[in-house]
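Colleague: First, the structure itself, so that you have it in front of you.
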Amino acid sequence: MKAPLPPTDRCGRARVMILDVQPRLEGGRFLVKSIVGEPVCVSADLLVDGHDKLAGVLRYRKTESAGNDGTWTEERLVPGGQETDARSHRDTAPNDRWEGTFVPDAPGIWEFRLEAWVDEFASWRWGLTRKIAAGQNVALARTEGALLLSQAAARAVGPDRAFIEATATSLRQGSHGPEALVALCHDPVLVGHMHRYTDRSASTYSAPLGLWVDPPKARFSAWYELFPRSFGADGTHGTFTDVVGLLPYVADMGFDVLYLPPIHPIGRTHRKGPNNTLHAGPDDPGSPWAIGAETGGHKEVHPALGTVDDFESLVEAARTLGIDVAIDIAFQASPDHPYVGEHPEWFLHRPDGTIQHAENPPKAYQDVYPFALAGPAWQPLWQELLDVFLVWSARGVRVFRVDNPHTKPLPFWQWCLGEIKQRHPEVLFLSEAFTRPKLMYALAQVGFTQSYTYFTWRTSAWELRTYMNELTNPPVSTYFRPNFWPNTPDILPEHLQHGGPGTFASRVILAATLAANYGLYGPAYELQERLARPGSEEYLDNEKFQLRRWDLFRKDSLRPLIKRLNQIRRDNPALHRNEGLVFHESDNERLLAYSKSSADGDNLILTVVNLDGHHKQAGWITLDAHALRLAPHEPVQAHDLLSDARYLWHGPRAYVELDPDALPAQVFRLRRRLRSEASFEYYL
């Protein structure tokens, strides 16, 4: 019985197999992530039978729905681990690994694939060279080469055709000696032409893979959170206009994202009072997360904050200072939300027919109804919630913080965020999901740009090293971008409750130097607010439930330190990314030492932090000389960017002493010595 053959003769001629294409996430089910202007390296195993040589290209484009006409751009594949050299065109790859690189120039969804084929010219050249080295007769090989060149000339155009045909004629004439013949077939111009006009009719193609390309702020940002309602004049409810007046304060500290909790109307039914009490007085403002009232829902603004026009003016004013305004999107509703009356089918119902309020036992949120995103009416509900994002995007919002996304279906987020990216590829999403690690990672895989993390509770050197090694290495680092927050309105961790200024200083330094993205809930942080409700990690007199008044210019504010820290971050590319993180040995576990380097290796930052917020700690740091590319006993200039002190270290060991009552950390810019002339030393 004859077995059926493949449907076309091409399948029998396509001999190359393309395996293990990277980067790839879950077999291509989700999109990997990149940044505008940063190289994307694509690699794969290319395999063929026998001794034939291979060639291939990386093909890439922005997706048609994202504004591309469907044309692919190509970059030649080169042997993995070797520099790309357009003139060398090496024929073999160590361990059969090949790679190509492209640089996406715009945000949006891109796709890439590989094409590979048997390179008949390279295979002929390889055989010819070996025959010449063995002293064999190569007359027939000349004829074979001339035939390959003539076939390529027939595919060529213009002067290229004439050049290739002339070379073919020269081969047929057989006037070259062995050395000249080898030089001829390795001529860079000829090799380039033969690649350009090769026969690719028997190529093998990999399946297209997707790539989410984000703007640079996805990789590097500094967030500042505040409640607009706490900044009104003379104790009144604050407005968007009042926040415009705060922008110089935020910009001066160096933050480039201003995050506002929900700005929508707040419901009255079951409104929470101060400190999350169940009964609110007539003047209590309620929780901004209890969204919806008779004045509107998720697409409207709280009347006490101003108008939509006022909000858009705030967004524009912030943008002139280099600040993006981020708003909180919380998909839940107050009992007073218009959705409740118009679309009761969008909510969860108890057996008695009443709508189920939100809860996380033993916590209960009587002022909030969750949506039934997997309920019978899921399709119109999904469309409506997508429209919420689109409405605010049309009003100029480019950054969203999403509340509790882990309580909504992952397929919803994959669809919703994908739809938004198609229309607004510059939009970023921060996932606020303090939940199981794999669920946090899954949210990043389905499209969230950045994510809150467990940094808030990691305090020991071992915990921080272990956690950072998890976050900054594959596979997690290929899709999960951590955003480190020392505090939030919901979380005042125990070490801040019982810590002094040194603890607050060390935690913000850790956040800002360990992670490329970080944020603060202020002014509670710079003013070192540390009073919590007894037995909890929640602030006493929490802004979530009442107005607060802040003295922004108190003498004990950490504002100068935060300003200096953000300046250091801006000035040093090593701190713009999470890659290049290396931990260094310390003989005192209370001292955490780590370095970061820029992609080109020219910028090197070493940070040493005293993790004890109450006592002075000292010890010896042993640098990883190999990671820092230091020769034994090579002098290194260490410039402390916080204090402006300078040191000259000889060798990999350095003594550090840090007092939390003064400054609990040092952030060094390391400069390796290049050369000496007389007594003057030159440094990178």
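Colleague: If the requirement is being closer than 30 Å to K217 by Cα and in contact with a strand residue (DSSP E or B) (Cβ under 6 Å, 6 or more places away or on another chain), which of these qualifies: Q332, Q414, Q422, Q383?
Modeller: Result of the check over Q332, Q414, Q422, Q383: Q332.
Colleague: Related question: Among the residues of segment 438-450, is any open to solvent by less than 40 Å² (accessible area, probe 1.4 Å), more than 17 Å from the chain's Cα centre (by Cα) and either of a type in the set (A, V, I, L, M, F, W, C) or under 28 Å from V667 (Cβ atoms) (or both)?
Modeller: Applying the first criterion (open to solvent by less than 40 Å² (accessible area, probe 1.4 Å)) to segment 438-450 yields 439-450.
After this cut, where a residue has to be more than 17 Å from the chain's Cα centre (by Cα) as well, the list is 439.
Narrowing the set further to residues that are either of a type in the set (A, V, I, L, M, F, W, C) or under 28 Å from V667 (Cβ atoms) (or both) leaves 439.
Yes, because at least one residue in segment 438-450 is open to solvent by less than 40 Å² (accessible area, probe 1.4 Å), more than 17 Å from the chain's Cα centre (by Cα) and either of a type in the set (A, V, I, L, M, F, W, C) or under 28 Å from V667 (Cβ atoms) (or both).
Residue-wise test of (1) at positive phi; (2) modelled with pLDDT under 95; (3) surrounded by fewer than 17 Cβ atoms within 10 Å (Cβ to Cβ); (4) not hydrophobic (A, V, I, L, M, F, W, C).
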{"position": "G210", "(1), (2), (3), (4)": "no, yes, no, yes"}
{"position": "R219", "(1), (2), (3), (4)": "no, no, no, yes"}
{"position": "E225", "(1), (2), (3), (4)": "no, no, no, yes"}
{"position": "R229", "(1), (2), (3), (4)": "no, no, no, yes"}
{"position": "A233", "(1), (2), (3), (4)": "no, yes, yes, no"}
{"position": "F240", "(1), (2), (3), (4)": "no, no, no, no"}
{"position": "V250", "(1), (2), (3), (4)": "no, no, no, no"}
{"position": "G254", "(1), (2), (3), (4)": "yes, no, no, yes"}
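Colleague: Does at least one position in segment 462-483 carry a residue that is in a helix (DSSP H, G or I), open to solvent by 10 Å² or more (accessible area, probe 1.4 Å), in contact with a strand residue (DSSP E or B) (Cβ under 8 Å, 6 or more places away or on another chain) and closer than 17 Å to V32 by Cα?
Modeller: Yes, segment 462-483 contains at least one residue that is in a helix (DSSP H, G or I), open to solvent by 10 Å² or more (accessible area, probe 1.4 Å), in contact with a strand residue (DSSP E or B) (Cβ under 8 Å, 6 or more places away or on another chain) and closer than 17 Å to V32 by Cα.
Colleague: Mind listing whichever residues of segment 330-367 are touching an Asp or Glu at 6+ places or on another chain (Cβ under 9 Å) and surrounded by 17 or more Cβ atoms within 10 Å (Cβ to Cβ)?
Modeller: Taking segment 330-367 first, the residues touching an Asp or Glu at 6+ places or on another chain (Cβ under 9 Å) are 330-332, 334-336, 338-339, 343, 346, 357-358, 365-366.
Within segment 330-367, A330, F331, Q332, S334, P335, D336, P338, Y339, W346, H357, A358, Y365 qualify.
Colleague: Being in a loop (DSSP other than H, G, I, E, B) and either modelled with pLDDT under 95 or surrounded by fewer than 15 Cβ atoms within 10 Å (Cβ to Cβ) (or both) is the filter here, so list the residues in segment 308-324 that pass it.
Modeller: The initial filter retains those residues of segment 308-324 that are in a loop (DSSP other than H, G, I, E, B), namely 321-323.
Those that are in a loop (DSSP other than H, G, I, E, B) and either modelled with pLDDT under 95 or surrounded by fewer than 15 Cβ atoms within 10 Å (Cβ to Cβ) (or both): L321, G322.
Colleague: Tell me, which residue of segment 484-514 that is charged (D, E, K, R) and farther than 17 Å from S451 by Cβ is surrounded by the fewest Cβ atoms within 10 Å (Cβ to Cβ)? I'd like the intermediate steps shown before the answer.
Modeller: Narrowing segment 484-514 to residues charged (D, E, K, R): 490, 494, 507.
Right, trim to farther than 17 Å from S451 by Cβ and you get 494, 507.
On the way: E494: 11, R507: 27.
The residue in question is E494.
Colleague: Something else about it: If I go through segment 111-136 residue by residue, how many of them are under 30 Å from R398 (Cβ atoms) and open to solvent by less than 20 Å² (accessible area, probe 1.4 Å)?
Modeller: Counting residues in segment 111-136 that are under 30 Å from R398 (Cβ atoms) and open to solvent by less than 20 Å² (accessible area, probe 1.4 Å) gives 1.
Colleague: A further question on this structure: Scan (1) closer than 30 Å to K217 by Cβ; (2) over 25 Å from the mean Cα position of the chain (by Cα) for the single condition A593 breaks and write down its number.
Modeller: So the condition that A593 fails would be (2).
Colleague: Could you tell me whether G535 is on the phi > 0 side of the Ramachandran plot, small (G, A, S) and over 16 Å from the mean Cα position of the chain (by Cα)?
Modeller: Yes, satisfied.
Colleague: Give me a count of the residues in segment 583-622 that are buried (at least 16 other Cβ atoms within 10 Å of the Cβ), within 23 Å of L565 (Cα to Cα) and of a type outside the set (K, R).
Modeller: Filtering segment 583-622 down to residues buried (at least 16 other Cβ atoms within 10 Å of the Cβ) leaves 583-584, 586, 588, 590-598, 603-613, 617, 619, 621.
Remaining after also requiring within 23 Å of L565 (Cα to Cα): 583-584, 590-598, 603-613, 617, 621.
Right, trim to of a type outside the set (K, R) and you get 583-584, 591-595, 597-598, 603-613, 617, 621.
Of the residues in that region, 22 qualify.
Colleague: Hey, another quick one. Kindly indicate whether any position in segment 532-546 is open to solvent by 10 Å² or more (accessible area, probe 1.4 Å) and either in a helix (DSSP H, G or I) or among the aliphatic types (A, V, I, L, M) (or both).
Modeller: Step one: list which residues in segment 532-546 are open to solvent by 10 Å² or more (accessible area, probe 1.4 Å), which gives 532-538, 540-541, 544-546.
Those still in the list that are either in a helix (DSSP H, G or I) or among the aliphatic types (A, V, I, L, M) (or both) too: 532, 540.
Taking every residue of segment 532-546 in turn, at least one turns out to be open to solvent by 10 Å² or more (accessible area, probe 1.4 Å) and either in a helix (DSSP H, G or I) or among the aliphatic types (A, V, I, L, M) (or both).
Colleague: Within segment 170-183, how many residues turn out to be hydroxyl-bearing (S, T, Y) and surrounded by 12 or more Cβ atoms within 10 Å (Cβ to Cβ)? Quick ask: steps written out before the conclusion?
Modeller: Just the residues of segment 170-183 that are hydroxyl-bearing (S, T, Y), to begin with: 170, 175.
Next, only the ones that are surrounded by 12 or more Cβ atoms within 10 Å (Cβ to Cβ) stay: 170.
Adding up the residues that qualify gives 1.
Colleague: Only one of these is farther than 28 Å from G522 by Cβ, hydroxyl-bearing (S, T, Y) and free of Cβ contacts under 8 Å to residues at least 40 places away in the same chain: T478, T466. Name it.
Modeller: Only one candidate passes the filter, namely T466.
Colleague: Still on this structure, please answer the following. Considering (1) outside any loop (DSSP other than H, G, I, E, B); (2) within 16 Å of I291 (Cα to Cα); (3) among the acidic types (D, E), say which one D336 fails and leave the rest.
Modeller: Evaluating D336 over (1) outside any loop (DSSP other than H, G, I, E, B); (2) within 16 Å of I291 (Cα to Cα); (3) among the acidic types (D, E) leaves (1) as the failure.
Colleague: Within segment 629-662, take every residue that is in a strand (DSSP E or B) and of a type in the set (D, E, K, R) and give me the one that is nearest to S586 (Cα to Cα).
Modeller: Of the residues in segment 629-662, the ones in a strand (DSSP E or B) are 635-640, 646-650, 653-659.
Add one more test, that the residue is of a type in the set (D, E, K, R), and what stays is 640, 646, 653, 657, 659.
Working: D640: 18, R646: 21, R653: 10, E657: 12, D659: 16 Å.
Per the stated criteria, the residue is R653.
Colleague: May I ask you to list the residues in segment 254-313 that are among the basic types (K, R) and touching a helix residue (DSSP H, G or I) at 6+ places or on another chain (Cβ under 7 Å)? Reasoning before the result, please.
Modeller: Taking segment 254-313 as the starting set, the residues that turn out to be among the basic types (K, R) are 268, 271-272, 299.
Correct list: K299 only.
Colleague: Related question: Could you tell me whether L305 is open to solvent by 50 Å² or more (accessible area, probe 1.4 Å), touching a residue at least 60 places away in the same chain (Cβ under 8 Å), in contact with a Pro (Cβ under 8 Å, 6 or more places away or on another chain) and of a type in the set (A, V, I, L, M, F, W, C)?
Modeller: Values: open to solvent by 50 Å² or more (accessible area, probe 1.4 Å): no; touching a residue at least 60 places away in the same chain (Cβ under 8 Å): yes; in contact with a Pro (Cβ under 8 Å, 6 or more places away or on another chain): yes; of a type in the set (A, V, I, L, M, F, W, C): yes.
Criteria not met by L305.
Colleague: What's the number of the only condition in (1) in a loop (DSSP other than H, G, I, E, B); (2) crowded, with 22+ Cβ neighbours inside 10 Å that L258 fails to meet?
Modeller: (1)
Colleague: Criterion first (modelled with pLDDT of 95 or more, surrounded by 20 or more Cβ atoms within 10 Å (Cβ to Cβ), within 24 Å of the chain's Cα centre (by Cα) and closer than 19 Å to N276 by Cα) does N517 satisfy it? Before the answer, list the steps.
Modeller: Working: modelled with pLDDT of 95 or more: yes; surrounded by 20 or more Cβ atoms within 10 Å (Cβ to Cβ): yes; within 24 Å of the chain's Cα centre (by Cα): yes; closer than 19 Å to N276 by Cα: no.
Answer is no for this residue.
Colleague: Answer with yes or no whether D199 is open to solvent by 20 Å² or more (accessible area, probe 1.4 Å) and either of a type in the set (F, W, Y) or outside any loop (DSSP other than H, G, I, E, B) (or both).
Modeller: On the way: open to solvent by 20 Å² or more (accessible area, probe 1.4 Å): yes; either of a type in the set (F, W, Y) or outside any loop (DSSP other than H, G, I, E, B) (or both): no.
For D199, the condition - open to solvent by 20 Å² or more (accessible area, probe 1.4 Å) and either of a type in the set (F, W, Y) or outside any loop (DSSP other than H, G, I, E, B) (or both) - is not met.
Colleague: Could you please tell me which pairs satisfy a Cβ distance under 9 Å, a separation of 6+ or placement on different chains, a first residue in segment 198-219 that is closer than 18 Å to L77 by Cβ, and a second residue that is open to solvent by 20 Å² or more (accessible area, probe 1.4 Å) and of a type in the set (G, A, S)?
Modeller: A202/G12; A202/A14; S203/A14; T204/A14; Y205/A14; A207/G28; P208/G28; L209/G28
Colleague: Of L386, L373, which residue is buried (at least 17 other Cβ atoms within 10 Å of the Cβ), touching a residue at least 24 places away in the same chain (Cβ under 8 Å) and in a helix (DSSP H, G or I)?
Modeller: Working: L373 fails: in a helix (DSSP H, G or I).
Going through L386, L373 in turn, just one is buried (at least 17 other Cβ atoms within 10 Å of the Cβ), touching a residue at least 24 places away in the same chain (Cβ under 8 Å) and in a helix (DSSP H, G or I): L386.
Colleague: Residue check: is H264 at positive phi, over 28 Å from the mean Cα position of the chain (by Cα) and not hydrophobic (A, V, I, L, M, F, W, C)?
Modeller: Working: at positive phi: no; over 28 Å from the mean Cα position of the chain (by Cα): yes; not hydrophobic (A, V, I, L, M, F, W, C): yes.
When the stated conditions are applied, H264 does not pass them.
Colleague: Another question, if that's okay. Keeping to segment 137-161, report how many residues are more than 49 Å from the chain's Cα centre (by Cα) and open to solvent by 50 Å² or more (accessible area, probe 1.4 Å).
Modeller: 6
Colleague: Provide a single number: the residues in segment 550-574 that are open to solvent by 60 Å² or more (accessible area, probe 1.4 Å) and of a type in the set (F, W, Y).
Modeller: Adding up the residues that qualify gives 1.
Colleague: Starting from segment 547-564, keep only residues that are in contact (Cβ under 8 Å) with a residue 40 or more places away in the chain and assigned to a loop (DSSP other than H, G, I, E, B), then list their pairs with residues that are surrounded by 15 or more Cβ atoms within 10 Å (Cβ to Cβ) and polar (S, T, N, Q) whose Cβ atoms are within a distance under 8 Å, requiring at least 6 positions of separation or different chains.
Modeller: L547/S230; R548/S230; R549/S230; W550/S230; D556/Q528; L558/Q528
Colleague: Determine, yes or no, whether W392 is open to solvent by 50 Å² or more (accessible area, probe 1.4 Å) and among the hydrophobic types (A, V, I, L, M, F, W, C). Talk me through it step by step, then tell me what you get.
Modeller: Details: open to solvent by 50 Å² or more (accessible area, probe 1.4 Å): no; among the hydrophobic types (A, V, I, L, M, F, W, C): yes.
So W392 fails the test.
The values are calculated or read from the model by the stated rules, or taken from the named source; none is laboratory data. Predicted model only: the values in this text are computed from it and were never measured. Virtual Cβ from ideal backbone geometry, glycine too; neighbours counted across all protein chains shown. Just so you know, the surface numbers come from the protein's heavy atoms only, side chains and all, with ligands and any DNA or RNA stripped out. Shrake-Rupley method; radii C 1.70, N 1.55, O 1.52, S 1.80 Å.
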